[in-house]
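Step one of this worksheet: look at the structure below.
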Amino acid sequence: MKWKSAAAIGLAAIICVMAAGCGSNGGGSSAKKEEASEGTEQAGEADRDSDKLVINYVSARGETDAALNAIKKIADMYKKDHPNFEFNVESIADRATYLQKIKILASSNELPDWFDADPEAFFEGLCKKGLIYSIDDLYDELDLKDKFFDIALNYPKLSDGSNYLMAWQGNVEYFWYHKDMFEEAGIKETPRTLEELLAACEKLKGAGITPISAGNYDMIMRYPAFKAFRMAGNDFIDSARMGKEKFDSEVAIASAGFFQQVSQYYNEGWTNSDATAQMDLFLNKGAAILYTGTWDTPDLTDENMVLKDDISMFKLPMDTDKDVTTENDYYAHCGIGTAILKDSMTPAMKEFIKYLWDNFADTAMYDFNMLPSMMPSDPEKLPELSQQILSDLENCGTFAQCWDVRLDPSTNEVYRKELANLGMGESTPEEFCKRMDEAVAQYAPDYFDIE
């Protein structure tokens with residue numbers, strides 16, 4: 001494997017076996033101290049500290065994130081019976097800042113005991129270096145696998161099918177819409193195809209209504225993938241990200257063309273907006289449609305988990321009768337996961353993780369109104385919307401892969417920039433695809449084994 005980019009060069013400096021200082025007083029360093037202890041005095045100290053566990057966790061989740069707060073609550077519960085347990089969290093909600101810090105920590109051999117990651121190229125490199133503990137193995141050792149939704153085991157997988165990430169959430173993505181705005185525009189049924197989605201947007205625009213609230217680039221980057229997923233499933237992005245298939249192809253050009261069409265129905269200023277503004281615009285009825293995932297349901301519902309006002313939702317429409325995917329295939333995933341350093345995995349760590357997962361589903365669902373990655377104990381008592389989402393999560397066939405996760409980090413930056421140019425009409429679908437192929441050719445060999 002070649003490592004040519006600046007981030008990759010930093011990663012290449014990582015040695016295969018982490019030093020005892022990794023995790024900064026974490027579980028791994030405690031275990032090494034016990035192993036190195038010599039003499040009666042040191043052995044006695046090791047005995048007294050045999051249940052000591054310090055976990056340092058650098059998280060990409062914000063302080064108000066439901067999953068993070070569920071984890072912290074369970075850690076507090078655990079500490080009541082384990083006084084030598086410490087759970088320290090550093091939260092860095094800005095994703096760019098977070099990723100930069102993780103790369104710096106990796107290059108200086110100072111990764112924490114726990115840290116958040118997606119199953120993307122940079123993280124895959126850490127796993128191939130043997131630095132991260134296998135979550136597949138961990139779940140087998142703790143007899144946990146059967147408790148998770150299938151998607152929680154499959155979404156975090158790397159290219160080789162292995163899993164090194166704990167998944168906390170269960171998410172389904174929907175088009176949320178205002179029913180009264182649809183009525184005002186004369187739209188009697190929710191769109192069943194992508195063409196019908198464009199037609200509905202045109203009717204909304206004709207009625208003087210902004211069709212789509214956009215601003216969250218994670219969601220904006222989904223739109224080209226809608227058509228590609230219907231035309232070719234996940235096979236296209238799996239091949240194109242490594243140059244085995246060209247973006248300059250029927251699938252990608254059609255997908256870029258669809259994005260250029262649908263982006264004309266976004267709100268003004270979408271290229272300089274963000275997720276908060278996107279939500280506010282929709283909730284204040286400044287736009288009729290919002291595409292986002294169920295992590296945003298607290299904003300869309302009241303305290304009883306009932307959708308606010310006239311809001312409803314529909315899943316990803318089909319494209320044509322030649323689609324290779326079905327209505328039961330759509331975007332469902334588990335969000336960013338959490339990795340554990342191999343050097344930090346001790347019996348005490350495993351004991352805590354078992355306790356954590358034994359309590360997580362109900363704590364997340366009932367205390368923080370978050371859909372967990374496993375079924376809570378009394379799903380039939382949940383509100384109707386929660387039951388519907390859990391059913392969609394459990395019954396999803398093939399989940400669409402997120403292009404921003406599958407692409408290498410450098411190509412992904414090009415993707416974001418070129419989408420803005422494409423949506424603003426400053427490039428054509430063909431030019432967009434050509435630039436994507438150039439980016440893949442330049443950057444992908446730095447991250448992937450390409451023959």
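The values are calculated or read from the model by the stated rules, or taken from the named source; none is laboratory data. Source: prediction; values computed, not measured. Every residue, glycine as well, gets a Cβ built from its backbone with ideal geometry; the counts of neighbours run over all protein chains shown. Heavy atoms of the whole protein, side chains included, go into the accessibility calculation; ligands, DNA and RNA do not. Shrake-Rupley method; radii C 1.70, N 1.55, O 1.52, S 1.80 Å.
The number of residues in region 301-314 that are at pLDDT 95 or above and out of contact with any helix residue (DSSP H, G or I) (no Cβ under 7 Å at 6 or more places or on another chain) comes to 2. Can you name the residue in region 336-367 that is among the small types (Gly, Ala, Ser) and assigned to a helix (DSSP H, G or I) and, of all such residues, is farthest from Val405 (Cα to Cα)? Here the residue is Ala348.
Going through Asp343, Asp437, Asp446, Asp358 one at a time, which residue ends up being on the phi < 0 side of the Ramachandran plot, modelled with pLDDT under 95 and of a type outside the set (Lys, Arg)?
Details: Asp343 fails: modelled with pLDDT under 95; Asp437 fails: modelled with pLDDT under 95; Asp358 fails: modelled with pLDDT under 95.
Criteria check complete, one pass: Asp446.
Every residue, every condition in (1) in contact (Cβ under 8 Å) with a residue 60 or more places away in the chain; (2) not acidic (Asp, Glu), yes or no:
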residue	(1), (2)
Trp114	yes, yes
Asp118	yes, no
Phe123	yes, yes
Leu126	yes, yes
Lys129	yes, yes
Ile132	yes, yes
Asp136	no, no
Lys145	no, yes
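Just one of (1) touching a residue at least 60 places away in the same chain (Cβ under 8 Å); (2) surrounded by 15 or more Cβ atoms within 10 Å (Cβ to Cβ); (3) at negative phi fails for Gly397. It is (2).
Please find, within region 294-335, the residue that is surrounded by the fewest Cβ atoms within 10 Å (Cβ to Cβ) out of those that are part of a helix (DSSP H, G or I) and free of Cβ contacts under 8 Å to residues at least 24 places away in the same chain. Step through it out loud before you land on a result.
Here is the first cut: in region 294-335, the residues part of a helix (DSSP H, G or I) are 294-300.
With the extra rule that they be free of Cβ contacts under 8 Å to residues at least 24 places away in the same chain, the set shrinks to 296, 299.
Details: Asp296: 20, Asp299: 15.
Ranking the qualifying residues of region 294-335, first place goes to Asp299.
Identify, please: which residue in region 341-383 is farther than 28 Å from Leu300 by Cα and acidic (Asp, Glu) and is, among those, most open to solvent (accessible area, probe 1.4 Å)? If we take residues in region 341-383 being farther than 28 Å from Leu300 by Cα and acidic (Asp, Glu), then Glu351 is most open to solvent (accessible area, probe 1.4 Å).
For region 241-267, give me the residue count where each residue is open to solvent by 50 Å² or more (accessible area, probe 1.4 Å), in contact with a helix residue (DSSP H, G or I) (Cβ under 7 Å, 6 or more places away or on another chain) and part of a loop (DSSP other than H, G, I, E, B).
At the first step, the residues of region 241-267 found to be open to solvent by 50 Å² or more (accessible area, probe 1.4 Å) are 244-246, 248, 250, 261, 264.
From what's left, in contact with a helix residue (DSSP H, G or I) (Cβ under 7 Å, 6 or more places away or on another chain): 245-246, 248, 261.
Going one step further and asking which of them are part of a loop (DSSP other than H, G, I, E, B), we end up with 245-246, 248.
Counting residues in region 241-267 that are open to solvent by 50 Å² or more (accessible area, probe 1.4 Å), in contact with a helix residue (DSSP H, G or I) (Cβ under 7 Å, 6 or more places away or on another chain) and part of a loop (DSSP other than H, G, I, E, B) gives 3.
Give region 241-268 a look and list any residue that's of a type in the set (Gly, Ala, Ser) and in contact with a Gly (Cβ under 8 Å, 6 or more places away or on another chain), or say none.
If we filter region 241-268 for residues that are of a type in the set (Gly, Ala, Ser), which is where we start, we get 243, 249, 252, 254-257, 263.
Passing the criteria: only Ser263.
Of the helices (runs of 4 or more DSSP H) that lie entirely inside region 96-190, those containing 1 or more residues that are in contact with a strand residue (DSSP E or B) (Cβ under 8 Å, 6 or more places away or on another chain) and either open to solvent by 50 Å² or more (accessible area, probe 1.4 Å) or under 29 Å from Ala214 (Cβ atoms) (or both) span 121-128, 150-154, 179-184.
Answer yes if at least one residue in region 268-290 is among the basic types (Lys, Arg), open to solvent by 10 Å² or more (accessible area, probe 1.4 Å) and under 24 Å from Asp180 (Cα atoms), and no otherwise. Show your work before the answer.
Filtering region 268-290 down to residues among the basic types (Lys, Arg) leaves 285.
Within this subset, residues satisfying the condition of being open to solvent by 10 Å² or more (accessible area, probe 1.4 Å) are 285.
Checking the rest, the ones that are also under 24 Å from Asp180 (Cα atoms) come to 285.
Yes.
Selection over region 48-93 of residues that are out of contact with any strand residue (DSSP E or B) (no Cβ under 7 Å at 6 or more places or on another chain), within 29 Å of Ala275 (Cα to Cα) and open to solvent by 60 Å² or more (accessible area, probe 1.4 Å) gives a count of 3.
Across region 212-240, what is the number of residues that are open to solvent by less than 10 Å² (accessible area, probe 1.4 Å) and in contact (Cβ under 8 Å) with a residue 40 or more places away in the chain?
Just the residues of region 212-240 that are open to solvent by less than 10 Å² (accessible area, probe 1.4 Å), to begin with: 212-215, 219-221, 223-226, 228-230, 236-237, 240.
Imposing the further condition that a residue be in contact (Cβ under 8 Å) with a residue 40 or more places away in the chain reduces the set to 212-215, 219-221, 223-226, 229-230, 237, 240.
Adding up the residues that qualify gives 15.
In region 228-245, which residues are among the basic types (Lys, Arg) and over 19 Å from Gln260 (Cα atoms)? Show your work before the answer.
Within region 228-245, the first condition is being among the basic types (Lys, Arg), and the residues that meet it are 230, 241, 244.
Result: Arg241, Lys244.
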